[in-house]
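Student: Below you'll find the structure I mean.
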Amino acid sequence: MRRTAWSAALLLPFTACRASYSALDTASPEATRITNLHWLILWVTGVVSLAVIAALAIALTRRRTAETRAGEGRRARAVAAAAIVSTALLLWLLTASVLAGRAVATPVGPGALRIQIVGHQWWWEVRYPADPPSDTVITANEIHVPVGRAVLLELSSTDVIHSFWVPNLNGKKDLIPGRPTRHLLRPERTGVFEGRCAEFCGYQHAHMGFVLIAEEPDRFATWLASERRPASEPIDAAARHGREVFLSSACVSCHAIRGIGAFGHKAPDLTHLASRRTIGSAMLPNTDGPLAGWIVNSQHIKPGNHMPPNLLPADDLLDLVSYLRGLR
Amino acid sequence: MCSPFRSLSRLRDVLLLGGVLLAVGPGCQRSSRTLLETAPMSAKAERDRPARNPYEDNAYAMTEGQRLYEWYNCSGCHARGGGGIGPPLMAKTWRYGKEPGGIYTSIVEGRPNGMPSWRGKMPEYQVWQIVTYVQTLDADRSIASPPGPREEHMQAGEGASSR
């Protein structure tokens, strides 16, 4: 525990302030298992490295003398012993990593929560399948999970290979086009964790992040029920005009907003956009300024992404932002 | 003393020349790719459009056009060129001709009997990318541009999601 705290303190400058992104700050049995393996390998190899360097230093400082020859047998035994110890240590590490790998790949029972994750260049589609299918919740770049329940992720990709990684919760798992993969998350405590794409997937690979929110089961249920509702009605004239702008411009060709007849499914679902913390795949905070800038020309923010620039008149843009910010 | 250095500098010259050839040679073959499009951001009417396709035979525009052809569900009616609800784009003759300008107009203005108008629903450069792509559906047309990243990596995912 103390060891973990120390390492966390050392790594603090490199981690994001708002959410945890660290394999050492574990929040699930799988991550703990992986981190323990990390420490085991680090300590064993560290001690061995020091021993080798010490042996080398001794060899460099000692000169060949008359009695050197006499102790030859003893030294040969020492080398043999070192070779045996090395082999034993390597076998130990091999066994430990095989066992850790098996423990991490635990099969999940039928009670697990199923979430479908679809990788896109360069964002994450998140779906909570339901029965009937019309109750399916679709969101993007933000995954809510309940604490204390196994979560089974069904991973797929529409374009190239991506890799799903939340260091606090488990290892990496690839999303492969045409070949579904599965991944297990078992969060033990509440928290906000960051995730990234861990497999180079093109120009904006570095900006393909997401946020994972582990929360109490009742809060999760509330969130899921709220996401299941169709989009909320605009509250004022500006927002009503914003909805018209959305429906009459290029937005509607790719984005869906459930309840207003926008069915595009090639870009993130915006039905509850305002409930999300970030935009642009965890690139920017979800507030008025970044949202307006993103709409006008996301190519300046995230060059190469598939959203075209939209040079809307100022009034239309402001009303559109006001409408989108009301989609709680 | 001197000769090894001279031969070294000759070697360097040869390597430099080779490097320049390597850099320039394939460069001539590649289609250019624009990351920041500056064309008008909503498709314009017929009278305002440029006389020719700005992406003529550009490999990147073709692959982008192919992606958009699926994204905007052109394939919903025209399939992968074979047609269905809409006319086949592999056909020898098209009802409204094969001029790029005519294809542009068909997309932006729509046509009677089902082709919807996409005016305002997609930026002009995307219309031209789709024009560039649908032109390649014609088997008789020789594609002068070098092959770009074609549909292989898209196809697996698109197929999987529609299955």
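The values are calculated or read from the model by the stated rules, or taken from the named source; none is laboratory data. None of these values were measured; they are calculated from a predicted model. No Cβ is skipped: glycine too gets one built from the backbone with ideal geometry, and neighbour counts run over all protein chains shown. Keep in mind that these areas ignore ligands, DNA and RNA; they rest on the heavy atoms of the full protein, side chains included. Shrake-Rupley method; radii C 1.70, N 1.55, O 1.52, S 1.80 Å.
Student: Rounded to the nearest 10 Å², what accessible area does B:Lys98 have for a 1.4 Å probe in the complete protein model?
Tutor: So the heavy atoms of B:Lys98 present about 60 Å² to solvent.
Student: Going by accessible area, probe 1.4 Å, with all protein chains left in place, what is the ranking of B:Trp94, A:Trp43, A:Trp124, largest first? Before the final figure, lay out each step's value.
Tutor: Details: B:Trp94 45, A:Trp43 135, A:Trp124 0 Å².
Final ranking, largest accessible area leading: A:Trp43, B:Trp94, A:Trp124.
Student: So, in nm, how far is label B:Arg119 from label A:Arg62 when the simple model puts each one 7 Å beyond its Cα toward the Cβ?
Tutor: 9.2
Student: Moving on. Suppose every Lys and Arg Cβ carries +1 and every Asp and Glu Cβ carries -1, with no other charges. What dipole size does chain A come out with about its Cα centre, to the nearest 20 debye? Each step should come with its number before you reach the end.
Tutor: Details: 34 positive and 26 negative charges, 401 e Å.
Approximately 1920 debye in magnitude.
Student: Kindly point out which whole DSSP H helices in chain A project their C-alpha atoms 27 angstrom or further along the helix axis while averaging a Kyte-Doolittle hydropathy of 1.0 or above.
Tutor: Numbers: long enough: A:29-61 (48 Å, 1.40); A:72-104 (48 Å, 1.09).
Counting only whole DSSP H runs, the qualifying helices are A:29-61, A:72-104.
Student: Ok, one more. Quick one: Cα centre-to-centre distance for the stretch A:88-124 and the stretch A:264-328, in angstrom?
Tutor: Using only Cα atoms, the two centres lie 35 Å from each other.
Student: If the cut-off is 30 Å between C-alpha atoms, which lysines fall inside it for A:Lys172, apart from same-chain ones fewer than 8 positions away?
Tutor: A:Lys266, A:Lys302
Student: What are the ³J(HN,Hα) couplings of the stretch A:254-268, residue after residue, when phi is run through the Karplus curve with 6.51, -1.76, 1.60 and θ = phi - 60°? Round to Hz, x for glycine and proline.
Tutor: Running phi through 6.51 cos²θ - 1.76 cosθ + 1.60 with θ = phi - 60° gives 10, 9, 9, 10, 5, x, 10, x, 10, 10, x, 10, 9, 10, x Hz.
Student: Restricting attention to the stretch A:227-292, which trypsin sites (Lys or Arg not before Pro) occupy a DSSP loop and are surrounded by at most 15 other Cβ atoms within 10 Å? Mind dumping the intermediate values first?
Tutor: Working: sites: A:Arg228, A:Arg240, A:Arg243, A:Arg258, A:Lys266, A:Arg276, A:Arg277; in loops: A:Arg258, A:Lys266, A:Arg276, A:Arg277.
Here the trypsin sites (Lys or Arg not before Pro) that fit, given the DSSP loop and packing criteria, are A:Arg277.
Student: Please go through the stretch A:150-215 and write out the chymotrypsin sites (Phe, Trp or Tyr not before Pro) that DSSP classes as loop and that have at most 15 other C-beta atoms within 10 Å. Could the numbers behind the result be given before it?
Tutor: Details: sites: A:Phe164, A:Trp165, A:Phe193, A:Phe200, A:Tyr203, A:Phe210; in loops: A:Phe200, A:Tyr203.
Within the stretch A:150-215, the qualifying chymotrypsin sites (Phe, Trp or Tyr not before Pro) (loop, at most 15 other Cβ atoms within 10 Å) are A:Phe200, A:Tyr203.
Student: Let me ask you something else. Going by amide H atoms built from the backbone, whose H comes under 5 Å of the H on A:Thr271, apart from near neighbours?
Tutor: Long-range HN contacts for A:Thr271: A:Arg258.
Student: Report the extension gain between A:Tyr203 and A:Gln299 in nm, rounded to one decimal, defined as 0.36 nm multiplied by the number of residues separating them, less their alpha carbon distance. It would help to have the intermediate numbers written out before the result.
Tutor: On the way: separation 96, 0.36 × 96 = 34.56 nm, distance 1.19 nm.
Residue separation times 0.36 nm, minus the Cα-Cα distance, leaves 33.4 nm.
Student: Still on this structure, please answer the following. Given the rule -39500 (n - 2.57) for each run of at least 4 DSSP H residues, summed and divided by the residues of chain A, what is its mean residue ellipticity at 222 nm, to the nearest 500 deg cm²/dmol? Walk me through the intermediate numbers first.
Tutor: Values: 8 runs with 130 residues, N = 328.
Computed ellipticity for chain A at 222 nm equals -13000 deg cm²/dmol.
Student: Give, in nm to one decimal, the length gained when the segment between A:Asp288 and A:Arg69 is fully stretched (0.36 nm per residue of separation minus the Cα-Cα distance).
Tutor: Working: separation 219, 0.36 × 219 = 78.84 nm, distance 8.10 nm.
Gain in length upon complete extension: 70.7 nm.
Student: Short version: which residues of the stretch A:237-257 lose at least 30 Å² of accessible area, all chains versus chain alone, 1.4 Å probe?
Tutor: Those are A:Ala250, A:Ser253, A:Cys254, which lose 30 Å² or more relative to the chain on its own.
Student: Along the Cα→Cβ direction, 7 angstrom out, place labels at A:Ser275 and A:Thr45. What is the inter-label distance in nm?
Tutor: Reported label-point gap for A:Ser275 and A:Thr45 is 4.4 nm.
Student: Another question, if that's okay. Could you give me the ³J(HN,Hα) list for the stretch B:120-132, computed from phi with Karplus coefficients 6.51, -1.76, 1.60 and θ = phi - 60°, whole Hz, x at Gly and Pro?
Tutor: The phi angles translate into x, 9, 8, x, 4, 5, 5, 4, 5, 5, 5, 4, 4 Hz.
Student: Okay, next question. A:Leu155's amide H: which non-local residues (gap 5+, or another chain) put their own amide H closer than 5 Å, with H modeled 1.01 Å from N in plane and none for Pro or chain starts?
Tutor: A:Ile117, A:Thr181, A:Arg182, A:His183
Student: Hey, if we sort A:Glu154, A:Glu125, A:Glu244 by accessible area with the 1.4 Å probe, largest down, what's the order?
Tutor: Putting A:Glu154, A:Glu125, A:Glu244 in descending order of accessible area: A:Glu244, A:Glu154, A:Glu125.
Student: Determine the order of A:Ser253, A:Ser275 by accessible area, beginning with the largest, at a probe radius of 1.4 Å. It would help to have the intermediate numbers written out before the result.
Tutor: Numbers: A:Ser253 20, A:Ser275 40 Å².
Sorted descending by solvent-accessible area, the residues read A:Ser275, A:Ser253.
Student: Further question on the same structure: Enumerate the calculated ³J(HN,Hα) couplings along the stretch A:172-185 in order (Karplus 6.51 cos²θ - 1.76 cosθ + 1.60, θ = phi - 60°), each rounded to whole Hz, writing x wherever the residue is Gly or Pro.
Tutor: 8, 9, 6, 9, 10, x, x, 9, x, 10, 10, 8, 10, 10
Student: Would you mind checking which residues have amide H under 5 Å from A:His255's amide H? H placed 1.01 Å from N; only 5 or more apart, or other chain.
Tutor: Long-range HN contacts for A:His255: A:Gly264.
Student: What fraction of the DSSP beta bridges in the stretch A:23-181 is antiparallel, stated in percent and rounded to the nearest 5?
Tutor: Numbers: 14 of 22 bridges.
Within the stretch A:23-181, antiparallel bridges account for around 65 percent of the total.
Student: Pop a pseudo-label 7 angstrom from the Cα along the beta-carbon direction at both A:Val192 and A:Trp92 and give the gap in nm to one decimal.
Tutor: Reported label-point gap for A:Val192 and A:Trp92 is 4.2 nm.
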